[in-house]
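This report refers to the structure that appears directly beneath it.
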Amino acid sequence: MSELLIGPAVANPPLVEELYRSLEDKVRALRPKEDLQALERAYRLSASYHRTQKRKSGEPYIVHPLHVAHILADMQMDLVCLQTGLLHDTLEDTAAKPEELREAFGADVARCVDGVTKLSKISLANREDRQAESLRKMLLAMTDDIRVIIVKLADRLHNMRTIGSLTPERQASIAQETIEIYAPIAHRLGMGKVRGELEDLAFQTLHPAEAEELTREIESKRTEHERWLDGVRSHIEGKLAREDVPARVQGRVKRAYSVYQKLKRQRITLDQVYDVLAVRIITDSVKNCYAALGVIHNEWHPVPGRIKDFIAMPRPNLYQSLHTSVIGPGGTAFEVQIRTEEMHKIAEEGIAAHWKYKEGGKNPHGDDQRIAWLRQLVEWQREMSDSGDFMSTLKVDLYSEEVYTFTPKGRVMVLPREATPIDFAYAVHSDVGHTCVGARVNGSIRPLKAPLRNGDVVEILTQPGHMPSRDWLAVVKTSRARNRIRHVINAVERAKAVEIGQKALEKEARRLGLSLGRISQADLDAAASDYGVGRTEDLYALLGFGKLSARQLLQKLAPEEVPLTEAAEPAPAPRLPQAPANGLLGADNTIHVKGADDVLVYRAKCCNPIRGEQIVGYISRGKGVAVHSHLCPNVQSLMYEVDRKIDVEWARSGSDPLPVKIIIYTDDRPGILHQLTSILSSESTNIRTLEARGDHSRRDESAIVDILLDVKDKKQLERVINAFRRVPGVRDIERLFTN
Ligand code: MN
């Protein structure tokens, strides 16, 4: 880092220096051994980056990061947090580079500052209400170190405290964002104090009239309230002392926003709000919490239905306390919260209590409990195996299944991880999906298949008349996109099949000298219903997809004019391929297409499936159905066209021997071939070819035996192979799937 930036040339106004000194004092009082030089370096560097900037209030900009660091110091955050607080606006607003921060302060600080910057780049205000939850999740998902969120909350807190100098529009938008996004996150993280202040500040900004009226009303009764609370407090203290329950008792008037919400929610007047006045009893043990509750209920009548035991049943953010409302002196109802010191700390500071710097690594909670805490907080799915340097390695990967993206107008699109711009397009509208030809992500053109990331702003480029491509099926992640794409592709292919089928029928009719004009619509309808389809068009589609031959259909339509078998008509349908020697089985009894007899079926040459084996059929247009072993490597690529897949099954009867190729790797020793062949003859299988050769690629004495043999079914093949394996000297056996 250059001398110029941190040298004395940067003369901060005395007030600024003082603000920094008081930060140092705060940290020194808390942690005498802290590296204050590292803190000062962060301050100096930040001040020099921001030196030309001023806040809207006219103060030097560095005042803001200093106050943020003060807030973090009050929360007793660690050095990384404080440095991040000081530097948090440098990447966004100044010429600072992440590498510079990494070099000067280490990877943690650089990463945290970067994290805060990323969050700041997203404007969250003025979005639809129902998107708030998505946005909160997104912020947490974008954060890989919870300290980023803590710094962001401190930043927001200071911005809210000083919001007065902004334009009214800006104020409203920041306050809205605060109440919808940041206060709930603070609540989620159990940071009651931060949440309370954020809410009250936002409330004052958004509803100044109501806030003022409510505050005035509460304020007007302040003296009365205080006198009343003092009386109650000393009364309770006396009673608790008599019962030997050590405790401190606090009386308080509830915050304006929480009273406002209660008024709005329950449509009641201020006099009826139990919770305006509240007393908090903080004691030393859980046992004494319940003892104190007994003392309170002994003294005053509880309001029915308002006793809540959050000790036995902690809230999801791990808040624990006993709550009760009682009718106190003069018939005034008030709320009593009872908790231990530990619970109190967690209620006030939440997750921050767990992130506090611990002197000498002493940690009263232990990492295990921290992890449990976090899991609770963020519904953490994954196991944390490493409990080592928890602070720096922690990943808040809580919504790892989802990615949060935006339309250019700021609508949030929640998509599955790895979702592509195509998924995004279909999420916007089917027509946008069908016609999308490109995507602009964060302003630059990105491939349609590139996965989207959290916070991406996605603009879809469309072209009227464009059709979805079949490859999209392999890259999309949402079922919505997949279904829409498939729908369009099916419709297109079906239209093609109908056309092909109709032509095939006409051609076959011409060949047979049959006039299609003589076939009535009623006959066609009847045939359609015989084949289990609705319309003539569907019949053509069956022809086009090869599920039915033109001749079969004509035979059905005009039985007396079309001969039953081809025997009398020597020329077979020209589109049918000739059977390979051991391949084409035609409409024999070996394999059936489920639900349709007489469909031309042949065993694929690449794998020669054998009886009993799992098989899949694949419609090869115009050639019938190719049947593959489910193990065949070709199946995967063929089945890409899912529409062409068809269920096939082995016929119950039939025992035609089927050829299978096997390779046996053996020791090169005399007599082994004899043993192998005698196994085959005892199984009465026919050997078509057998070839043994030395394996010269290996130095040891090994040989390879290729056998092409006929087997009846899978069971027999398994028997043969198992017998082979038992022959001494046989090392390995493979079934060959390619030609
Ligand atoms: Mn800031």
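If you go through segment 292-325 and keep only what is surrounded by 17 or more Cβ atoms within 10 Å (Cβ to Cβ) and over 46 Å from the mean Cα position of the chain (by Cα), you end up with Val295, Ile296, Trp300. Considering segment 87-111, the residues that are open to solvent by less than 40 Å² (accessible area, probe 1.4 Å), out of contact with any Phe, Trp or Tyr (no Cβ under 6 Å at 6 or more places or on another chain) and within 13 Å of the ligand (Cβ to nearest atom) include one that is modelled with the lowest pLDDT, namely Leu91.
Let's see how each residue does on (1) modelled with pLDDT of 90 or more; (2) closer than 21 Å to Gly106 by Cβ:
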| site | (1), (2) |
| --- | --- |
| Leu4 | no, no |
| Pro8 | no, no |
| Pro13 | no, no |
| Leu23 | yes, yes |
| Arg28 | yes, no |
| Lys33 | no, yes |
| Leu39 | yes, yes |
| Tyr43 | yes, yes |
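Within segment 206-255, the residues that satisfy the criterion of being touching a Lys or Arg at 6+ places or on another chain (Cβ under 6 Å) and either open to solvent by less than 40 Å² (accessible area, probe 1.4 Å) or more than 15 Å from Ile281 (Cα to Cα) (or both) are Val249, Gly251.
Wholly within segment 404-479, which helices (runs of 4 or more DSSP H) include no fewer than the required count, namely at least 3 residues that are more than 22 Å from the chain's Cα centre (by Cα) and surrounded by 18 or more Cβ atoms within 10 Å (Cβ to Cβ)?
Qualifying helices (runs of 4 or more DSSP H): none found.
Each residue in segment 505-523 was checked for being under 15 Å from Gln555 (Cα atoms) and either open to solvent by 20 Å² or more (accessible area, probe 1.4 Å) or not in a helix (DSSP H, G or I) (or both), and 13 pass. Annotation: Ala703 fulfils all but one of (1) modelled with pLDDT under 80; (2) more than 27 Å from His630 (Cα to Cα); the unmet one is (1).
Within segment 458-472, is there a residue that is among the acidic types (Asp, Glu) and within 24 Å of Val625 (Cα to Cα)? Checked segment 458-472: at least one residue is among the acidic types (Asp, Glu) and within 24 Å of Val625 (Cα to Cα).
Kindly indicate whether Arg195 is modelled with pLDDT of 90 or more, basic (Lys, Arg) and surrounded by fewer than 19 Cβ atoms within 10 Å (Cβ to Cβ). Criteria not met by Arg195. Contact map, segment 175-189: first residue under 14 Å from Leu318 (Cα atoms) and of a type outside the set (A, V, I, L, M), second residue part of a helix (DSSP H, G or I) and open to solvent by 10 Å² or more (accessible area, probe 1.4 Å), Cβ cut-off under 7 Å, separation 6 or more or different chains; pairs are His187/Arg195. With respect to Ala567, determine if the residue is open to solvent by 10 Å² or more (accessible area, probe 1.4 Å) and at pLDDT 55 or above. Taking the combined requirement at face value, the residue does not satisfy it.
Does segment 62-78 hold any residues that are touching a Phe, Trp or Tyr at 6+ places or on another chain (Cβ under 7 Å) and more than 14 Å from the ligand (Cβ to nearest atom), and which are they? Within segment 62-78, Gln76, Met77, Asp78 meet the criteria.
Screening Ser165 against (1) within 16 Å of the ligand (Cβ to nearest atom); (2) buried (at least 17 other Cβ atoms within 10 Å of the Cβ); (3) more than 18 Å from Glu349 (Cβ to Cβ) leaves a single unmet condition, (2).
The values are calculated or read from the model by the stated rules, or taken from the named source; none is laboratory data. Bear in mind that the values here come from a model prediction, so they are computed numbers and not experimental data. So basically every Cβ, Gly included, is an ideal-geometry build from the backbone, and we count neighbours across all protein chains shown. The area values use the complete protein model at the heavy-atom level, side chains included, leaving out ligands, DNA and RNA. Shrake-Rupley method; radii C 1.70, N 1.55, O 1.52, S 1.80 Å.
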